[in-house]
1. Just to confirm a number: summing +1 for Lys and Arg and -1 for Asp and Glu over residues other than Thr227 whose beta-carbon lies under 12 angstrom from that of Thr227, what do you get?
2. Residues of the stretch 104-120 with amide nitrogen under 13 Å from the 7 Å Cα-to-Cβ point of Glu142?
3. Read phi for every residue in the stretch 70-80 and hand back ³J(HN,Hα) as whole Hz from Karplus 6.51 cos²θ - 1.76 cosθ + 1.60, θ = phi - 60°, with x for Gly and Pro.
4. Excluding Asn257 itself, calculate the net charge of residues whose Cβ lies under 15 Å from the Cβ of Asn257, where each Lys or Arg counts +1 and each Asp or Glu counts -1.
5. Taking 8 Å as the Cα distance limit and 6 or more residues as the minimum spacing, I'd like the relative contact order of the stretch 205-259 as a percentage.
6. Which order do peptides 173-180, 205-212, 265-272, 98-105 fall in by mean Cβ count within 10 Å, highest first?
7. Mind checking which aspartates and glutamates have their C-alpha under 13 Å from Lys151, skipping anything on the same chain fewer than 8 residues away?
8. With a 1.4 Å probe and all protein chains in place, put Glu431, Glu74 in order of accessible area, largest first.
Amino acid sequence: ETFSNASRASMAASGSGAGSHERRNWLVHILYVRREHDACLAVIEEALAEARGLAEYPLYVKALILRQRGAVAESLTLFQAAACLNPQNVCNLKQVGRSLYLLGRHRAALEVYDELLRLSERDWEVWHNRGLCRVYLKQYDEAIEDLMRAKSLERHDATFLQLGAIHALRDNFRAAAETYLEALEHSPGSAELLTAAGLAYLRLGENDKALELLDASLARDPTDPRTVLAAGSLIQDKPDPDGALLSYRVAAVWAPNSAPLWSNIGMCFYRKERYVAAIACLKRAFFLDPFAWIISFNLGLVHLCTGQHASAFHYLSTSINLKPDHAPSCIDLDAVDPCAVVGTYTTCSTELACPRRADCRPSISALVRSHRRYMHLGVALSRLDDLDNACAAYEKALEVGGGHLCELNYAITLALHGELEQALSHFQASERLLTGLLETDKCVEPGMLEQRQLLAETLGVPLAVSPPGA
């Protein structure tokens, strides 16, 4: 954040007759770039005292130092003073806009950038920062236009990353992925771009392409926690919990307080049936981020599997209350800051309330749908002998899009409580949905077939269809 040589020269020229304080500009600059800020401030104060506060370059550098130390409001005042001394110097106005942006005064910053465009229309940085302001004002179409204009003037990774983040914020992950790939044509060695592209393809469900990009990113920066976490989650979904744990071990060194990381580690132990370790890791994740719905959901699954049904109900209901309208996804992107990319959570699915077995093993799944959370809640309530509320949970699951598995669990719960007629109705609905899945060559959850057979025997009805290899 220093002047270009041309800008410093123009400043020196503009104040060449102002007094002897201008001769200190070279020393101010050298001390600043060496990061000897205390010594730099001392020289600046001397220069300002000689010039009675009318030295443009010392004011500018002092403002930079104060902003780096967190005094953004004070830096804004100094940048404005420098801009008053030389209104034609675009560097001063750029920094005024930047300070306003950091203070959250985005409309005021936008006005400054509009003024800058009248002075320097072909400055990519002005268009870029103008686009950032529009993002925070939720003017996404205008933000994309500004960033595209910045990209047409000069190609910078920051502009492509912001464009991709806006597309991701609007759930247009295909456009985000294409933006990152375009950027990689000009910066093929950028680990940040490779990671961003990998995460976009992960959201699109193209896991092979995502893993290829994430591996390329890790080859350039093997310590980036976000990349390691995303790659580990893909390995975990194969499923290969041991391979994923090796990846997470690297991430834990650089991000020991990452809630998504500990959630994923917990689910790796869950897959390995090491439930005590799984609960310990998930409890740590819950401590780090108690408002992450997916962590509560994972804790509910583990407690359901270990027979702690009251605890399972507590965590599953918490998950639903935190995010009742969750759409299909296994990744949460931080939607507050469009620059940030958030972490990857991995979860599990398919807990069946089997009439003859209580130790059914869930399997890793790439999708967590809201109806499955209601379905698991119904399983927990059923095992707590609360049939009425269990049925209400299943009905809600069916209302928000429950599939054959939800119908099957509903039927099992009703059969366990002696409601065989209603159980038969839901079992037949499950068979119809399962037939449609098999006709489209979609896979069914492991562990489901045996319990489907047991329920059919309990109800005394034949199976409508048998999956290949069954």
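The values are calculated or read from the model by the stated rules, or taken from the named source; none is laboratory data. Because the structure is predicted, anything quoted here is derived from the model rather than measured. Note: ideal-geometry Cβ built from the backbone for every residue, glycine included; neighbour counts use all protein chains shown. Ligands, DNA and RNA are excluded from the accessible area calculation, which covers all protein heavy atoms including side chains. Shrake-Rupley method; radii C 1.70, N 1.55, O 1.52, S 1.80 Å.
1. Numbers: positive: Arg220, Arg226; negative: Glu192, Asp215, Asp221, Asp224.
Result for the local shell: -2.
2. 106-115
3. Values, residue by residue: x, 8, 5, 5, 5, 5, 4, 4, 5, 5, 5 Hz.
4. +2
5. Details: 43 pairs, mean separation 17.7, N = 55.
Taking the mean separation of contacting Cα pairs over the length of the stretch 205-259, I get 32 percent.
6. On the way: 173-180: 21.9, 205-212: 15.9, 265-272: 24.2, 98-105: 18.2.
Output ranking for 173-180, 205-212, 265-272, 98-105: 265-272, 173-180, 98-105, 205-212.
7. Of all the aspartates and glutamates, those that pass the test against Lys151 - Cα under 13 Å, at least 8 places apart if same chain - are Asp123, Glu125, Glu182.
8. Values: Glu431 10, Glu74 100 Å².
Correct descending sequence by accessible area is Glu74, Glu431.
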